[in-house]
Amino acid sequence: MVAPHPGRALTGARDEVLARIRSALSTAQAPGDEVGSTPPPADVVRDVVRDYRREGEHAPGDPALLDLLADRLRDYRATVHRTTEAELPDAVAAALADVLPADGRVVVPPGLPQPWLPPGATVDDGRLDWAELDRIDAVLTACAAAAAETGTIVLDGSADQGRRAITLIPDRHVCVVRAAQVVQTVPELLARLDPIRPLTFISGPSATSDIELRRVEGVHGPRTLVVVIA
């Protein structure tokens, strides 16, 4: 008896997956569209169930949410500073001073508010390559939104956050989160985001664990995360 060739099973599985994708995509076409003229199998297309919790009991910026966000971030080994809008420039300067080495360099996105800018900061114009960014000690940015329950901060590449490279290569990230940007749940967070923008989700310093569960920080991004909540 001749054993079946292992590649045939893989090919069959691939064909089935591609067929299901084509069927699912056909439902997204406009009525009358030639591509969508053949209805997909009933076992492929199902109504999306959204009976999960879509919002929390606290309004955005509620003090309870700020406390929860700070608690979650500290649990993830981030450093958290609390301040007011009026004292924000001084708080940012103090946060940078705490983590920067002597004569440390800071890169900032082009749209960062002027009062936050540290003296001598490098304003990213998009031309810094990875080797130059690797020689910079810290990055300072704002954020797009944050979810308190998961301790997640999101960057979306806006002018006050900059391109992904400047927030993933330097070893230290100081991020400013304003109270009004903090919501309770992930669905509320996602509702505030534009899905076609380059979204970066941050829950504490970059970290991973190997098969023996040894934690290593700084593999996929900054080793040190400092969050200033205004």
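Worth a mention:
- Leading residue by the ranking (nearest to VAL228 (Cα to Cα)) among those in region 105-125 that are surrounded by fewer than 17 Cβ atoms within 10 Å (Cβ to Cβ) and under 20 Å from the mean Cα position of the chain (by Cα): GLY111
- Residue identified as assigned to a loop (DSSP other than H, G, I, E, B), under 30 Å from CYS175 (Cα atoms), modelled with pLDDT of 80 or more and in the same structural domain as SER209 (by TED's automatic domain parsing) among ARG53, ARG77, ARG72: ARG77
- Selected residue [of a type in the set (Asp, Glu), at pLDDT 90 or above and either surrounded by 10 or more Cβ atoms within 10 Å (Cβ to Cβ) or farther than 28 Å from THR185 by Cα (or both)] from ASP33, ASP67, ASP43: ASP67
- Condition met for LEU128 (touching a residue at least 24 places away in the same chain (Cβ under 8 Å), surrounded by 13 or more Cβ atoms within 10 Å (Cβ to Cβ) and in contact with a strand residue (DSSP E or B) (Cβ under 8 Å, 6 or more places away or on another chain)): yes
- Tally of residues being modelled with pLDDT of 90 or more, under 30 Å from ARG54 (Cβ atoms) and more than 12 Å from the chain's Cα centre (by Cα) across region 198-226: 1
- Each residue in region 136-155 was checked for being in a loop (DSSP other than H, G, I, E, B) and out of contact with any Ser or Thr (no Cβ under 8 Å at 6 or more places or on another chain), and 3 pass.
Condition check ((1) free of Cβ contacts under 8 Å to residues at least 24 places away in the same chain; (2) out of contact with any helix residue (DSSP H, G or I) (no Cβ under 8 Å at 6 or more places or on another chain)) across all residues:
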position: ALA147; (1), (2): no, no
position: GLN161; (1), (2): no, no
position: ILE166; (1), (2): no, no
position: PRO170; (1), (2): no, no
position: GLN181; (1), (2): no, yes
position: PHE201; (1), (2): no, yes
position: ALA207; (1), (2): no, yes
position: VAL216; (1), (2): yes, yes
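- For PRO195, the criteria (1) at pLDDT 95 or above; (2) in a loop (DSSP other than H, G, I, E, B) hold in every case but one, which is (1).
- Annotation: of all residues in region 136-175 being under 17 Å from PRO60 (Cα atoms) and over 13 Å from the mean Cα position of the chain (by Cα), the one that is surrounded by the fewest Cβ atoms within 10 Å (Cβ to Cβ) is GLU149.
- Of all residues in region 110-130, those satisfying the criterion of being assigned to a loop (DSSP other than H, G, I, E, B) and more than 30 Å from ASP67 (Cβ to Cβ) are PRO110, PRO119, GLY120, ALA121, ASP124, ASP125, GLY126, ARG127, LEU128, ASP129.
- Candidates LEU96, LEU133, LEU189 - the one that is assigned to a helix (DSSP H, G or I), in contact (Cβ under 8 Å) with a residue 12 or more places away in the chain, touching a Lys or Arg at 6+ places or on another chain (Cβ under 9 Å) and surrounded by 18 or more Cβ atoms within 10 Å (Cβ to Cβ): LEU96
- Meets criteria (within 29 Å of ASP103 (Cα to Cα), of a type in the set (Phe, Trp, Tyr), at pLDDT 95 or above and assigned by TED's automatic domain parsing to the domain that holds ALA86) for TRP116: yes
- Taken together, the residues in region 115-169 that are over 19 Å from LEU199 (Cα atoms) and of a type in the set (Gly, Ala, Ser) amount to 4.
- THR83 vs. criteria modelled with pLDDT of 95 or more, over 21 Å from the mean Cα position of the chain (by Cα) and assigned by TED's automatic domain parsing to the domain that holds GLY126: yes
The values are calculated or read from the model by the stated rules, or taken from the named source; none is laboratory data. Remember, predicted model here, so these are calculated numbers, not experimental data. Using ideal geometry, Cβ is built from the backbone for each residue, glycine included, and neighbour counts are taken over all protein chains shown.
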